Every structure is written in structure tokens, then in C-alpha cells.
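The values are calculated or read from the model by the stated rules, or taken from the named source; none is laboratory data. What you are looking at is a predicted structure, and each value in this text was computed from that prediction instead of being measured. No Cβ is skipped: glycine too gets one built from the backbone with ideal geometry, and neighbour counts run over all protein chains shown.
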Amino acid sequence: MILTLLPKNLAKPGFSFVAGKGDNECKGCRFYKTCVDNLKPGRIYTVSSVRNIEHPCKIHDSGVKIVEVNESQIEAAIPKKFAIEGATGVFSFSCNERCQYHDLCIPDGIKIGDKFHIIRIKEKIECPLNNNILRVILKRKD
């Protein structure tokens, strides 16, 4: 569980987002460490609970709330030969084809070289390049 701050209208359990680097205005804020530094840019987080504490924010007019987040599971495409439920591996699949599955082959939240754990195998993907790939749900590992 990680504490961070989100705009009040987005601070809802189940809300997922990709962490950014914060705006220039954020760097002088007393909440910068909690709001921005607690998260890794490019990773996907999901709100697990919302605390009843609000703070003003220069970026978000309505203010922000303290939320508890966890790094999210990621839906991705990986080669079938590596798709074993419960297995761990290093993410290395990449494709430059701009097809309907591009966001699965290069998903948000995981980068080439990241370690992962396969949580669930979903279905085979009909790749236009005839790559033998499967849709999986995985969790990035540190």
C-alpha cells in the first residue's frame, strides 16, 4: 500500500491511473514527496481506499485527497511459449505493428527488462504478423 494524493473527483476506490512526473509547480509544494515521489512514473496504480483528509492544490482547483494505492495488474501480450500461469519472467516482447493489439504488446505499466509474475492466461491473439501470442494478466515485480 502506498499513500499519495489525487484530485477529489478522481479519489474513488477502483480508479486506475498512470503515474506522471508532476508539473513544475508541484516541485515547491510541501506535499510533493507524498504526491509525486511516492509513485514511479509510467506505472499504473489503482486506488484501494480514500482517506477523509483533503488538502489545497495549485494544480487541481477542487483540492486533493489522500488515497491508498497499489500497483495494478497489467493486461499484456506475450509469446505463447512463455505464457505459463504462475511463472515469472522478464518482459521483452515488443512489436512495431500498429494493429488493434498494439497496446497489449507494448502496454502501459511495464517496460522491456521489467520482471513480472503471470497471474492468469486469457486467450490467443490473432496477430497480423502471425506471432504466436497470448493475452495474459501479469503483475510487475521489483
Among Thr34, Thr46, Thr4, Thr88, which is in contact with a Ser or Thr (Cβ under 8 Å, 6 or more places away or on another chain), at pLDDT 90 or above and within 19 Å of Lys141 (Cα to Cα)?
Thr46
Among Glu85, Glu123, Glu97, Glu75, which is surrounded by fewer than 18 Cβ atoms within 10 Å (Cβ to Cβ) and within 30 Å of Ala11 (Cα to Cα)?
Glu75
Within the set of pairs 6+ apart or on separate chains, which have a first residue in the stretch 74-103 that is more than 17 Å from Lys122 (Cβ to Cβ), a second that is of a type in the set (A, V, I, L, M), and C-beta atoms under 6 Å apart?
Ser92/Ile112; Glu97/Leu129
Output for the stretch 24-58, where each listed residue is crowded, with 18+ Cβ neighbours inside 10 Å and of a type in the set (D, E, K, R):
Arg43
Any chance the stretch 119-137 includes a residue that's under 16 Å from Gly42 (Cβ atoms) and not in a strand (DSSP E or B)?
no
Which numbered condition Asp61 fails, given (1) within 30 Å of Phe31 (Cβ to Cβ); (2) surrounded by 12 or more Cβ atoms within 10 Å (Cβ to Cβ); (3) of a type outside the set (Lys, Arg):
(2)
Which numbered condition in (1) acidic (Asp, Glu); (2) farther than 30 Å from Cys29 by Cα; (3) assigned to a loop (DSSP other than H, G, I, E, B) is the only one that Asp108 fails?
(2)
Could you tell me how many of the residues in the stretch 22-45 are of a type in the set (A, V, I, L, M, F, W, C), over 18 Å from Ile2 (Cα atoms) and not in a helix (DSSP H, G or I)?
1
